[in-house]
1. Assuming GLU60 fulfils every condition listed in (1) under 19 Å from MET145 (Cα atoms); (2) of a type in the set (D, E, K, R); (3) at pLDDT below 90 apart from one, which condition is it?
2. Condition check: more than 18 Å from GLU141 (Cα to Cα) and polar (S, T, N, Q). Does ASN2 satisfy that?
3. Any idea which of VAL75, VAL45 is in contact with an Asp or Glu (Cβ under 7 Å, 6 or more places away or on another chain), modelled with pLDDT of 90 or more, closer than 24 Å to ALA120 by Cα and surrounded by 16 or more Cβ atoms within 10 Å (Cβ to Cβ)?
4. Please find, within segment 78-111, the residue that is surrounded by the fewest Cβ atoms within 10 Å (Cβ to Cβ) out of those that are of a type in the set (Val, Ile, Thr) and either within 21 Å of GLN30 (Cα to Cα) or in contact with a helix residue (DSSP H, G or I) (Cβ under 7 Å, 6 or more places away or on another chain) (or both).
5. Can LYS134 be described as of a type outside the set (A, V, I, L, M), over 23 Å from GLN37 (Cβ atoms) and at pLDDT 70 or above?
6. Just one of the numbered conditions (1) buried (at least 22 other Cβ atoms within 10 Å of the Cβ); (2) within 22 Å of GLU149 (Cβ to Cβ); (3) out of contact with any strand residue (DSSP E or B) (no Cβ under 8 Å at 6 or more places or on another chain) is not true of ALA40; which one?
7. Do you know which residues across segment 1-27 are free of Cβ contacts under 8 Å to residues at least 40 places away in the same chain and either in contact with an Asp or Glu (Cβ under 7 Å, 6 or more places away or on another chain) or part of a strand (DSSP E or B) (or both)?
8. With ALA54, ALA31 as the choices, which residue is of a type in the set (Gly, Ala, Ser), over 19 Å from LEU93 (Cα atoms) and in contact (Cβ under 8 Å) with a residue 40 or more places away in the chain?
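The values are calculated or read from the model by the stated rules, or taken from the named source; none is laboratory data. These numbers come from a predicted model, not from an experiment. Positions of Cβ are generated from backbone atoms using ideal geometry, with glycine treated the same way; all protein chains shown enter the neighbour counts.
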Amino acid sequence: MNKTTVFFLRTGKPNPMDNRNVLCQKGMDQATRAGNQLRAFRIDVILCSPLPYAYQTAKEVERLHLAHSPRIETVPELICAADFSEEAVAENLKKVMGYILEKFKRKSVLMVSHAMVGQAFLAHHIEESFEITKVHWPTIEHGAMVCREFIED
């Protein structure tokens, strides 16, 4: 069976008192916990938001993933600002999923991004045509993970 596995990891909690957009200690602990959980899986590539705390989260996963050293690639479509609409987030996710399923076929990919992207990944059904239909927007906590497999015939 040929499959592409996509994990989503919400970034660790950023430090609200630091304008450099870096992780706070709790956020680093969340990234470490997620990295330890992901050690049980092969990760071929990590795609992350270009924001510093997303990259820090990705680097912590990479550091702990000693069995197979995945490379990190920043993807601008994984950034998510507070003023983004659900439609804009869904459209960006559609682009990223198309990129993943084309470039990383039969690989395991970890996306490290923000709450709304994770909510869209969790709540939307992504078909082969990449049509995304709104279902609901559940909560996804800092450091939480979601996994989906896309199976080829």
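1. Looking at each condition in turn, GLU60 falls short on (3).
2. In short, yes.
3. VAL45
4. Restricting to residues being of a type in the set (Val, Ile, Thr) and either within 21 Å of GLN30 (Cα to Cα) or in contact with a helix residue (DSSP H, G or I) (Cβ under 7 Å, 6 or more places away or on another chain) (or both), the top hit is ILE79.
5. No; evaluated as a whole, the condition is false for this residue.
6. Looking at each condition in turn, ALA40 falls short on (1).
7. PRO14, LEU23
8. The unique qualifying residue is ALA31.
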